[in-house]
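Report on the structure given below.
The values are calculated or read from the model by the stated rules, or taken from the named source; none is laboratory data. Everything numeric here is computed off the predicted structure, so don't read it as measured data. Neighbour counts are summed over all protein chains in view; Cβ atoms, including those assigned to glycine, are modelled from backbone coordinates with ideal geometry.
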Amino acid sequence: MADFVTAFQWAMRSEDSQMACAVVPDATPAGCTGPCYAISGINSGAWPGQYAAIAALPQASRPAAVQAFYQAHYWNNWFQQLVSDEVAKRVFDFSVNGGAGTAVKTLQQAVNALGGNLVVDGGWGPATMAAANAADQNALVQAFIAARVAHYRAIVAANPADVPYLNAWIARAQN
């Protein structure tokens, strides 16, 4: 069974490698007006209530609150059923970075690249779980990385304004 703390620490290497939990300027998500800030990747525009609650905490209390946020909003019972922490931490990290549905679609594409026959719909379910767990886990990690990189390249192909982010996205995927 996959371990949340392992996956969380993996994702934090990209979101806040020192777990400083400091307020930093961040990108403004769609629909947000004015400047946005983040604490360990928790964006004030995307998660205003959660961000404000964590920002109001004393610095020493923020790491536990950040971890609780990621567990409540990104980890789910499907992740813990994955047999490989190596797979789980990458799918979890992509959920944080690209959205849960996109991460699951990417996992389904990776399974299919290894000979699976999943419907690529972005939904967790018993078929996705069984196929992911039955796959060669090292090969699945590599197929997931390749599918994630392809996803980022497709974003840039559709929106060339995102080209400045591509190298960082690819580095995160290949980590």
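Quick notes on this one:
- Only one entry of V91, V83, V96, V87 meets the criterion of being in a loop (DSSP other than H, G, I, E, B) and in the same structural domain as V141 (by TED's automatic domain parsing), and that entry is V83.
- Sub-7 Å Cβ pairs linking a first residue in the stretch 120-146 that is over 26 Å from W169 (Cα atoms) to a second residue that is small (G, A, S) and surrounded by 16 or more Cβ atoms within 10 Å (Cβ to Cβ), at least 6 apart or interchain, are A131/G116, ordered by first then second residue.
- Screening the stretch 120-175 for helices (runs of 4 or more DSSP H) wholly inside it with 1 or more residues that are basic (K, R) and out of contact with any Leu (no Cβ under 8 Å at 6 or more places or on another chain) returns the ranges 137-158, 163-174.
- Boolean, T106 is closer than 17 Å to R172 by Cα, out of contact with any strand residue (DSSP E or B) (no Cβ under 7 Å at 6 or more places or on another chain), surrounded by fewer than 23 Cβ atoms within 10 Å (Cβ to Cβ) and not hydrophobic (A, V, I, L, M, F, W, C): no
- Set side by side, the residues A68, A64 differ, and just one is within 28 Å of G125 (Cα to Cα), surrounded by fewer than 15 Cβ atoms within 10 Å (Cβ to Cβ), out of contact with any Leu (no Cβ under 7 Å at 6 or more places or on another chain) and outside the structural domain of G98 (by TED's automatic domain parsing), which is A68.
- Pick from the stretch 1-27, criterion in contact with a Gly (Cβ under 9 Å, 6 or more places away or on another chain) and surrounded by 14 or more Cβ atoms within 10 Å (Cβ to Cβ), ranking: modelled with the lowest pLDDT: D26
- Filter pass, N138 being at pLDDT below 95 and surrounded by fewer than 17 Cβ atoms within 10 Å (Cβ to Cβ): no
- Within the stretch 1-38, being over 17 Å from the mean Cα position of the chain (by Cα), assigned to a loop (DSSP other than H, G, I, E, B) and over 28 Å from A132 (Cα atoms) holds for Q18, A20, C21, A22, T28, A30, G31, C32, T33, G34, P35.
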